[in-house]
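The values are calculated or read from the model by the stated rules, or taken from the named source; none is laboratory data. Just so it is clear, the model here is predicted, and its values are computed rather than measured. Neighbour counts are summed over all protein chains in view; Cβ atoms, including those assigned to glycine, are modelled from backbone coordinates with ideal geometry.
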Amino acid sequence: MLGGVNGPLTIAWFLVGYENMCLAAYDDPGFLERVAQLAVDFALPAITRMAKAGVDGMVIGEDLGSSSGGFFRPAQFRTLFKPALKQMIDCAKAHNLPLFFHCCGRIVDFLDDLVELGIDALHPLQRTAGMDLAEVKKKYGDKFCLVGNIDSSRTLPSGPRKRWSER
């Protein structure tokens with residue numbers, strides 16, 4: 001059984017809206033840092049409670065990008081959201097929970113950061129966003145478990161209906 005929380009960027013998006021979040025990154029980055037800390041203030045007790053309840057692992061949902069690239073420049077992510085995300089991941093690790101990181105989009109610019117943060121698994125490696133499984137496996141396959149890379153927007157809902165045994 002897995003527990004889960006949303007990451008600081010996702011929480012900021014939910015609380016202030018995408019446009020306001022993007023404007024604040026330039027006009028008032030300290031505001032976003034405070035919102036990220038609100039996410040941490042919620043997540044740490046939630047992770048602790050789920051750990052005490054006996055979950056086997058933790059999922060953090062944090063979409064860092066769209067189909068064409070990151071929502072923020074890597075330097076902005078590192079300043080505004082990475083410290084808060086680290087606190088969440090460290091809390092899960094302190095409870096000996098493997099960390100499953102769900103992050104859609106083209107996130108190649110953030111993979112080194114995810115290694116540094118200590119995630120155990122990355123999902124979904126969004127194929128339609130140009131996440132190349134072979135490239136990511138070659139560079140990061142020994143750093144964390146790769147989960148996904150299946151086209152869930154086209155192949156799964158409308159792909160051929162042949163069974164594997166019929167191929």
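Restricting the stretch 99-127 to residues that are of a type in the set (F, W, Y) and within 9 Å of the chain's Cα centre (by Cα) leaves a set whose member that is farthest from L2 (Cα to Cα) is F101. Within the stretch 83-99, residues that are within 17 Å of F110 (Cα to Cα) and exposed (fewer than 15 other Cβ atoms within 10 Å of the Cβ) sit with their Cβ atoms under 9 Å from residues that are of a type in the set (D, E) and modelled with pLDDT of 95 or more, at 6+ positions apart or across chains, in these pairs: P83/E33. Taken over the stretch 105-124, the criterion of being among the hydrophobic types (A, V, I, L, M, F, W, C) and surrounded by 21 or more Cβ atoms within 10 Å (Cβ to Cβ) is satisfied by I107, F110, L114, I119, L122. Here N96 fulfils each of the conditions (1) over 13 Å from the mean Cα position of the chain (by Cα); (2) assigned to a helix (DSSP H, G or I) apart from (2).
Considering only residues in the stretch 51-73 that are under 14 Å from the mean Cα position of the chain (by Cα) and outside any loop (DSSP other than H, G, I, E, B), the one that is surrounded by the fewest Cβ atoms within 10 Å (Cβ to Cβ) turns out to be G61.
When the stretch 1-17 is filtered for residues that are out of contact with any Leu (no Cβ under 7 Å at 6 or more places or on another chain) and either part of a loop (DSSP other than H, G, I, E, B) or free of Cβ contacts under 8 Å to residues at least 12 places away in the same chain (or both), the ones remaining, listed by number, are M1, W13, F14, G17. Would you be able to say whether some residue in the stretch 24-42 is surrounded by fewer than 17 Cβ atoms within 10 Å (Cβ to Cβ), under 17 Å from the mean Cα position of the chain (by Cα) and either outside any helix (DSSP H, G or I) or hydroxyl-bearing (S, T, Y) (or both)? The answer is no, given that none of the residues of the stretch 24-42 is surrounded by fewer than 17 Cβ atoms within 10 Å (Cβ to Cβ), under 17 Å from the mean Cα position of the chain (by Cα) and either outside any helix (DSSP H, G or I) or hydroxyl-bearing (S, T, Y) (or both).
Among the residues in the stretch 121-143, are any in a loop (DSSP other than H, G, I, E, B), at pLDDT 95 or above and of a type outside the set (D, E, K, R)? Write out each step before concluding.
Applying the first criterion (in a loop (DSSP other than H, G, I, E, B)) to the stretch 121-143 yields 124-126, 130-132, 141-143.
Among the residues that remain, those that are also at pLDDT 95 or above are: 142-143.
When the remaining residues are screened for being of a type outside the set (D, E, K, R), the result is none.
No: zero hits.
Against the conditions (1) over 21 Å from V35 (Cβ atoms); (2) part of a loop (DSSP other than H, G, I, E, B); (3) not basic (K, R), C104 satisfies every one except (1).
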